[in-house]
Amino acid sequence: YNRSALTLACLRDLYAQHYRRPVILAVYVVDSGSSDETVDRVLEEFPGVKVIQTTPDVFWCGAMRIAWSAARQHPCDYLLLLNDDTRLDEEGVQCLLDADWTIRARFGGPGVVVGSTRDPVTGQRSYGGVRRGRDRGDVLPSDDIQPCDQMNCNATLIPVEVADVVGEFDSAFTHAIADHDYSLRAQQVGFGVWVAPGYVGSCPVNPTPAWANPAVPVRQRLK
């Protein structure tokens, strides 16, 4: 919504990816009523992209469901969930695919693959996988796949076998938490959620809304 420069930069990175095997992309962009010529600029530079225009009230989760439903009208092997403020490294998607192949080889089936991003200024982890329980905290990427309990879907690969069983994001969510919920639902039906090795790109940390901020009193958060 109204950040065409970021959207175009994200698409350029996506189309410039380096792969070790042939990959065919079908790209869906959901525009929530932008007034900054996002749609025209995207179609001018990337005429093959399928742009879906909606009203501004769908927010992130609603837009992801719209793109998800449109993509599932056609055969595919994976769904790549990608925020438009994520700048992929040249082999970011290949890193996710490599992790998927590792998971299948070790465990005999697919799982959700979470890509970690770094802050473009500090270089520190910004989004990725999260652990719950005693060792609660962010999962820092290493040189191997790592399990996690919850995820941020800034750059996430979902094999179609997982999507067929778990479905799409729950319509109960509007703008946040849906990705965390999805990771829990996937695990409930037997799919692992794995953090891919290394970083797949960069993404700045977005401000936490007041309703999700533990520093804000509960009464105010509920209101």
*Taking amide H positions as placed in the peptide plane 1.01 Å from N, state which residues far from L79 in sequence (5 or more) or on other chains have amide H under 5 Å from it.*
I158, V160
_GNM top mover of Y28, Y127, Y199 - the chain, alpha-carbon springs below 10 Å_ = Y28
*asked:* Loop-only GluC sites (Glu not before Pro) in region 1-51, please: DSSP not H, G, I, E or B, and at most 13 other Cβ atoms within 10 Å.
replied: E37
*Kirkwood hydrodynamic radius for region 99-193: how many Å is it when counted over pairs of different Cα atoms?*
13.9
*Please state, rounded to one decimal and in Å, the Kirkwood hydrodynamic radius that region 168-222 gives when every pair of distinct Cα atoms enters the mean of 1/r.*
14.0
*asked:* Show me, bin by bin at 5 Å from 0, the whole-percent P(r) of the chain based on Cα pairs.
replied: 1, 7, 14, 19, 21, 18, 12, 6, 2, 1, 0
*How high is the FRET efficiency from A210 to R106, r the C-beta distance, R0 41 Å, rounded to 0.05?*
0.45
*Between D135 and E37, 0.36 nm times their residue separation minus their Cα-Cα distance comes to what?*
30.7 nm
*asked:* Name the residue from H180, G92, T156 whose Cα lies farthest towards the positive end of the charge dipole of region 92-193, charges +1 on Cβ of Lys and Arg and -1 on Cβ of Asp and Glu.
replied: H180
*Would you kindly state how much longer the chain becomes between L184 and R20 on full extension, computed as 0.36 nm times their sequence separation minus their alpha carbon distance, in nm to one decimal?*
55.9 nm
*Just how far, in whole angstrom, is region 1-31 from region 141-170 if you go by their alpha carbon centroids?*
19
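Read the figures in this text as sums done on the coordinates, not as results from a lab. Computed from a predicted model, the values in this text were never measured in an experiment. Counting neighbours? That spans all protein chains shown, and the Cβs are built from the backbone with ideal geometry, glycine included.
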